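First comes the structure, then the notes that go with it.
The values are calculated or read from the model by the stated rules, or taken from the named source; none is laboratory data. Quantities reported herein were computed from a predicted structural model and do not represent experimental measurements. Neighbour counts run over all protein chains shown; Cβ positions are idealised from the backbone, glycine included.
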Amino acid sequence: PRRFALIPAAGVGARMGARIPKQYMAVAGKPMLHHALETFAAHPRIAHTFVVVSAGDGWIDELLTPELAQRATVLRVGGATRQESVFNGLVEMRAAAGDADWVLVHDAARPGLDAELIDRLLDALADDEVGGLLALPVVDTLKRASAEGRSEQTVPRAGLWAAQTPQMFRYALLRRALNEAAEQGRIGAITDDASAIEMLGLLPKLVEGSPRNLKVTLAQDAALAEFFLKG
Ligand code: C5P
């Protein structure tokens, strides 16, 4: 099967409070985006990798070495939301490289992805009709807050998972799912690719991920990501 990786990297990273978008902030000596890009580009089971950046991105060219450029293509088609960036990427990757059976969508803000986790996902979904995602069972006790910020209820954590990426779906299915979500005006309610698939009534498979694959959202997350990358 032909598999493409797609890294949406067109965000502005407002929550980090930094001057440069967070995907370009250094973690363990390299821009965050560089880690995931290299991991996919070096993976023998990934045919090609695509990065979606915003039209005016001034950092990506510096990062894409001639060697990396043979295995990865930059698409300057970032949208207003992550989902728009992913959808635009799906459209443009086919125009650039033809058909794919599968696409693995991975956030640039998860630098700790490694080849073993990619293999785990590929192996778990090889014969799957739908696809799935890396995720971790929730370990915290979950509280639902009242309007006043008091704990109103404890949400049972049994059966709850925290979604990670990559999220891997059949190309045509993901494209249809995101397109339908947009047409129904529900794209804003979607924070990952799996939720668009769920809206079609399909059930993505949960594949156990890893703490090292954390998403860097706040400044202190970068230190933890560095710890895993150096270990
Ligand atoms: O901000 P957040 O961590 O949710 O972003 C997840 C991923 O989506 C990041 O890699 C970010 O660069 C990307 N993104 C995008 N286009 C947007 C917003 C976010 O590609 N408009």
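Give the residue that is farthest from the ligand (Cβ to nearest atom), with candidates limited to residues of the range 37-59 that are within 17 Å of Ser85 (Cα to Cα) and surrounded by 20 or more Cβ atoms within 10 Å (Cβ to Cβ). It comes out as Thr49. Counting only residues that are more than 30 Å from Pro8 (Cα to Cα) and out of contact with any strand residue (DSSP E or B) (no Cβ under 7 Å at 6 or more places or on another chain), the range 147-172 holds 6 of them. Only residues that are near the ligand (Cβ under 9 Å from one of its atoms), among the small types (Gly, Ala, Ser) and more than 15 Å from Ala41 (Cβ to Cβ): list them for the range 63-110, please. Within the range 63-110, Gly78, Gly79, Ala80, Ser85, Gly89, Ala109 meet the criteria.
Confirm whether Ser54 is among the hydroxyl-bearing types (Ser, Thr, Tyr) and in contact with a strand residue (DSSP E or B) (Cβ under 7 Å, 6 or more places away or on another chain). Answer is no for this residue. Taking the stated definitions as given, is Gly98 modelled with pLDDT of 95 or more and surrounded by fewer than 17 Cβ atoms within 10 Å (Cβ to Cβ)? The answer is yes for Gly98. Criterion applied to Thr73, Thr65 was being of a type in the set (S, T, N, Q) and in contact (Cβ under 8 Å) with a residue 24 or more places away in the chain, and the one residue passing it is Thr73.
Of everything in the range 144-180 that is touching a Ser or Thr at 6+ places or on another chain (Cβ under 8 Å) and not polar (S, T, N, Q), the residue that is nearest to Arg45 (Cα to Cα) is Arg157. Under the condition of being of a type outside the set (A, V, I, L, M, F, W, C) and within 16 Å of the ligand (Cβ to nearest atom), the residues counted in the range 169-208 number 5.
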